[in-house]
Amino acid sequence: MKPRRTHSHWAYAGLLAGVLLVAVWVSSRFGAEVNNYSYDAMFRLYDPPPVKPESIILAIDDDSLASVNGLDNIRPSLARALRLINAAGPKAVAIDLILADRHEHAADKELADAFRTTPRLVLSSMLRDDPPGWQDPLPEFARSAAAMGHVYAQPDVEDSVTRVIPLDKHAGHEQRWAIALEAFRLSRGGGTPLESPEDVEVAGTVIPLRRTDSGRLMRVRYLPPDRPVPRVSLKSLLAHPERAREFAGKVVFVGVTAPDVGDRLFTPYSNTSGIEIHADAFETIAHHLFLTDVPWDWRLLFSLLLVVAQGCAFAWLPGWKAYAGAVAVLVAALVTPYVFFEHQRVFAFAMPASAATLGFAAAAAWQTLLVRRNLRRVEAERTRYQQAMHFVTHEMRTPLSSIQGSSELITRYALSEQKQKQLAQLINSESRRLARMIEIFLNVERLSAGQMELKKEDVLVEEWVAACVERARPLAERKHILLEAEPGASHITSAGETNSLRITGDRELLDHACYNLLTNAVKYSPQRTQVTISVRNEDGRIYVSVRDQGMGMDRNEVKKVFRKFYRTRKAEQSGEAGTGIGLSIVQQIVEQHEGRIEVTSKPGVGSCFTLVLPAAAPISAAARPR
């Protein structure tokens, strides 16, 4: 039984390994949407510690645009607002407007004059296709800029939600950083960003962003909707110049927030404007709120541990405790990404969730099947035990009755010495018969249950068949039945030597099987008929056939004849004693020897039972033991 359990353990481990592979495949194939959804949900669920924003937005909203008759007329108003802000002393000013086109000369000159007095000014630029390169502001505007930055965000291709922005963009060999990073750099005193494959250092702050094929993508840590970056509309500032002091010591982001004008992008919180995204990106850098991805191999290892934990829960814990443990593992898989998020690490949700869920289902199904298999095994053992009791009750009744009757005769009557000797011999003979019967039955049961190794010994077919025939001959003679063995258990080689056929197995069990077929043939054959046993070798198998001229069986009876305790109707009517268990034992013995038993029968003509057993290599007659 141990090898069977070891095989079961390996199969269970293989199942769990397969579950892990499926979870990895599912997460890689279908996990992007799940990861994004869980990421956004964690954003909305998590309440971060409050931070004091270092930036402020000068918003060109609907009212501001309406007051100047559209974005084309915004430059004079923007110039007046910048002069008010400059007087308040901002740390830096980043403008998310593409100022590459000329408007009225007076308006352009007024804005250029305002730019010249704006401290640490960052102007925006965009990539153009024809000719390839950067589309910069007008030269009179660009001369006043301390830096040129890009204003790109990167919405996800799956759901168009902006979770990251590219820190840098390239046109040929010319690199531009995001206006959020440039505004941070200038607000901290400037300096050139220092790059390595793993991070970017800006003004003493290390941004942990590895360069990939998609560039350096920084996850934006958006401020909650109830604590956003402060905002003052352009119209409100011009109407109330005293509000300019709100910009003192701040990094100012200027851009369009009107829903119908400019870029509107989705974020994990809501639909918002590009300038608000860049302001949140600045706050991410300024407060070191970097969200870094957990490496893939960490996620794989954690998923492996989850699958192992699910497997152990159902393998080691009993009953409801197994399900409680598995649910706890599943909860751990669902909660862990959120715990990592609280510590500014992004742990992709799909792989551990898939591993824990599939591990739960697979381990539960396996253990359910295992319990059902064990239940069937217990029921089979109980049935076998009941059948054993039936065997003891039926098959052993005759020898026990003989022993009991003989012993009563010896003790009750004064018998002659010769009669006592005969009865003593009968008791001895029946006792041995009973012992052999018990031993054979128990051996067959132990073999069937896998609790006993089959004996392996050479059995010469000629001697085996002859011995069984001699044992059965007295029974045949009492019914005047001719019992004979046809020649064929040996053959002549090309060298003129006689080779005997052999099989390998348990001689005692094989004797019982052959003897049972012979005695059945004699019992259910009329007097003065013939029972023949023949042997042939064919395709590496030994065929031992016992043919009678008895009552025979129909097709339905042939199908049932090997069932325990089944007897045909004619067998019941024959008056011959029997229990219907003999052929079942013969079948078990043959199957334990990797063989089979075949039967052909016809009512009123007779039956032929054939033992089919694997042949061993023949040995010459000269080499046979004597």
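Read-outs throughout are calculated quantities, based only on the coordinates presented, and are distinct from any laboratory measurement. Predicted model only: the values in this text are computed from it and were never measured. We place every Cβ from the backbone using ideal geometry, glycine too, and count neighbours over all the protein chains shown.
Place a point 7 Å from Cα of VAL261 in the direction of its Cβ. Which residues in segment 86-117 have their backbone N less than 20 Å from it?
94-112, 114-115
Greater than 20 Å separation of Cα atoms is the criterion. Which listed pairs, LYS560/LYS602; LYS52/LYS91; LYS421/LYS523, meet it?
Correct reply: LYS421/LYS523.
Quote to one decimal, in nm, the extra length available between ILE410 and GLU594 on full extension: 0.36 nm per residue of separation minus the C-alpha distance between them.
Residue separation times 0.36 nm, minus the Cα-Cα distance, leaves 61.5 nm.
Based on alpha-carbon centroids, what's the gap between segment 589-603 and segment 267-310 in Å, whole number please?
The distance from the Cα centre of segment 589-603 to that of segment 267-310 comes to 70 Å.
Cα atoms only: what Rg and Dmax, in Å, come out for segment 55-288?
16.9, 49
Would you mind getting the Kirkwood hydrodynamic radius of segment 10-68 from its Cα pairs, rounded to one decimal in Å?
Averaging 1/r across every pair of different Cα atoms and inverting gives 16.7 Å.
Restricting to DSSP H runs of at least four residues, report the calculated mean residue ellipticity at 222 nm for the chain, -39500 (n - 2.57) per run over all residues, nearest 500 deg cm²/dmol.
-16500 deg cm²/dmol
For segment 216-279, take N as its residue count and report Rg(C-alpha) divided by 2.2 N^0.38 Å.
Taking the Cα Rg and dividing by 2.2 N^0.38 Å, one obtains 1.24.
Once both axes come from the Cα atoms, what is the angle between helix 507-523 and the longest principal axis of the chain, in degrees from 0 to 90, rounded to 10?
Its long axis makes an angle of about 60 degrees.
Identify the residues of segment 538-562 with backbone N under 17 Å of a label point that sits 7 angstrom from the Cα of GLN530 along the Cα-to-Cβ direction, or state none.
Under cut-off, by backbone N: 545-551.
Cα-Cα pairs above 49 Å in the chain: how many percent?
Result: 51 percent of Cα pairs exceed 49 Å.
If R0 is 22 Å, what FRET efficiency do you get for GLU174 and LEU194 from their C-beta distance, rounded to 0.05?
0.75
Using all alpha carbons of segment 47-133, what is the percent of pairwise distances in each 10 Å bin, ordered from the shortest bin to the longest?
With 10 Å bins starting at 0, P(r) equals 14, 42, 30, 12, 3.
Taking segment 1-151, how much of its Cα-Cα pair set, in percent, is spaced more than 22 angstrom apart?
Summing the P(r) tail past 22 Å for segment 1-151 gives 63 percent.
Quick one: angle between helix 274-286 and the longest Cα principal axis of the chain, in degrees between 0 and 90, rounded to 10, please.
80
So what are the ³J(HN,Hα) numbers for segment 474-485, from phi and the Karplus equation (6.51, -1.76, 1.60; θ = phi - 60°), rounded to whole Hz, Gly and Pro as x?
x, 5, 5, 5, 5, 9, 6, 9, 7, 10, 9, 9
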